[in-house]
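Bear in mind these aren't lab numbers, they're just calculated from the coordinates by the rules spelled out. Keep in mind the model is a prediction, meaning the values are calculated, not measured. Every residue, glycine as well, gets a Cβ built from its backbone with ideal geometry; the counts of neighbours run over all protein chains shown.
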Amino acid sequence: MNNKGMLKENSLNGKTIVVTGGGSGLGKSMSEYLLSLGANIVITSRREDLLKKVANNMMKEFGGKVLPITCDVRNPDLVSKVIDESYSEFKKVDCLLNNAAGNFISPTERLSTRAFDAVIDIVLKGTINFSLLLGKKWIKQKEPGNILNIVTTYAWTGSGYVVPSACAKAGVLSLTRSLAVEWAKYNIRSNAIAPGPFPTKGAWERLLPGDLKDKFDPSKKVPLKRVGEHHELANLAAYLVSDFSSYINGEVITIDGGEWLKGAGQFNNLERVSDEMWDFFSMIRKKK
Ligand code: HXC
Ligand code: NAP
């Protein structure tokens, strides 16, 4: 993965980065690359065994220090514990990467209110818990900070069939932009990445269950005609957590091969018109 890394070696030396959901999927891939660039990494999620195993494997492969801490982002006490343990291990935290999420597909009318809670509490409240508790500490201790949130492109378009997630990610995007302005005076930056389709077990099993992945091949919706590769996202995340991006604040950067714009442009589906049809249209035009 990191053999396609963009930043110079040691670009993140001395930085400590907390990655929620860092034990699997995109959180793990981003953590690996940030570690390989010299950062200390704290990975958190609910699965203790997985976290420990992943942390050990990462340290074996990339060197450096990875601290695994079990935490449900919905529980502010556990979030405080992650922050305290990170400070006692590394003396400071430079960056918070809010990546943990919960999601599933369903017609909205089939959902219970608790189903909405499950997703909104992880995605929106979990991001708020970490941002607020760490942000307060940064402000009190007069330390600079950097918050990077992982959203999705439907944070601004909305999307059927994932409505709790769409509502929650829209909230995270609003949090990103609001804090970017309010906390800039404390030297705390806040940005977001909106990924398009990047294959992970967590997302694919929940969003494309059964044979849906064959029926709705996500790469077909992407103008570049492929899904994303984890190192492409990891490179963008590394840039945004680094000091190279120090003047970027309040931005959401889309990395989706053009997917959401394809859905938005009114005439984009004319790509289905064949060359012969275009020839035919131009013949009609010439006759007139
Ligand atoms: C309808 C469902 C459901 C489903 C759960 N619920 N799954 N309703 N369809 N598929 C309902 C339950 O019936 C229950 O309501 C309530 O939600 C809580 O369910 P629990 O199983 O108790 O929740 P919990 O154990 O907290 O698990 C949270 C979870 C789960 C979100 C439901 O999927 C999870 O842990 N996910 C974590 C990882 C994840 O989702 N990764 C994918 C991220 S991908 P009742 O009323 O019955 O009690 C992503 C991609 C975005 O975000 C963009 C892609 C392009
Ligand atoms: P994933 O592997 O399922 O990642 C979700 C992570 O969140 C897991 O590590 C999970 O760990 C953790 N998590 C879930 N609930 C938690 C909770 N209550 N407390 C603490 N941690 C929790 O899926 P992914 O695809 O890598 O998703 C990563 C991020 O990318 C998410 O924000 C997602 O919305 C975003 N995204 C993904 C895609 C894509 O195509 N993959 C597209 C757009 C956006 P535990 O289960 O161990 O707690």
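Observations, loosely collected:
- Subtracting the Cα-Cα distance of residue 59 and residue 132 from their residue separation scaled by 0.36 nm leaves 23.3 nm.
- For the range 1-75, Kirkwood radius (reciprocal of mean inverse C-alpha pair distance, Å): 12.1
- Ellipticity estimate at 222 nm from DSSP helix runs (n ≥ 4, -39,500 (n - 2.57)) divided over the chain, nearest 500: -13500 deg cm²/dmol
- Relative to the longest principal axis of the Cα atoms of the chain, the long axis of helix 163-182 lies at roughly 60 degrees.
- Nearest 10 degrees, 0 to 90: helix 230-241 Cα axis against the chain principal axis: 50
- Over the range 120-201: Kirkwood hydrodynamic radius from C-alpha pairwise inverse distances, Å: 13.3
- In this simple spin-label model, placing a label point 7 Å from the Cα along the Cα-to-Cβ direction at both residue 262 and residue 182 gives a separation of 3.8 nm.
- Expressed as a whole percent, the proportion of Cα-Cα pairs in the range 142-288 lying more than 26 Å apart is 40%.
- Largest GNM mean-square fluctuation among 82, 227, 66, using the chain with Cα springs under 10 Å: 227.
- Two-site FRET efficiency, residue 246 against residue 277, from Cβ-Cβ distance with R₀ of 35 Å, rounded to 0.05: 0.10
- Between the range 4-67 and the range 143-172, the C-alpha centres lie 23 angstrom from each other.
- Set of lysines with alpha-carbon distance to residue 225 below 28 Å, sequence-local pairs under 8 removed: 4, 28, 169, 201, 213, 215, 262
- Peptides 252-258, 150-156 ranked from most to least packed, by the mean per-residue count of other Cβ atoms within 10 Å: 150-156, 252-258.
- For the range 162-288, the relative contact order works out to 31 percent when only alpha carbon pairs closer than 8 Å and six or more residues apart are counted.
- Label point at residue 109 placed 7 Å out along Cα→Cβ; residues across the range 135-166 whose backbone nitrogen lies under 19 Å: 159-164
- The mean sequence distance of close C-alpha pairs (under 8 Å, at least 6 residues apart), as a share of the length of the chain, puts its relative contact order at 17 percent.
- Per-selection Rg to Rh, the range 56-184 - Cα, Kirkwood hydrodynamic radius: 1.02
- Overall form of the chain per C-alpha gyration tensor (a/c, 1.5; a/b vs b/c): prolate
- On Cα atoms only, tilt of 275-287 relative to the major axis of the chain in degrees: 50
- Stretchable slack from residue 80 to residue 285, in nm (0.36 nm times residue separation minus alpha-carbon distance): 67.0 nm
- Along the chain, counting only GluC sites (Glu not before Pro) with a DSSP assignment other than H, G, I, E or B and at most 16 other Cβ atoms inside a 10 Å radius, the longest segment between sites is 10-228.
- Label point distance in nm, residue 217-residue 174, each placed 7 Å from Cα along Cα→Cβ: 3.9
- Restricting the range 226-288 to chymotrypsin sites (Phe, Trp or Tyr not before Pro) that sit in a DSSP loop and have at most 13 other Cβ atoms within 10 Å of their own Cβ leaves 247, 267.
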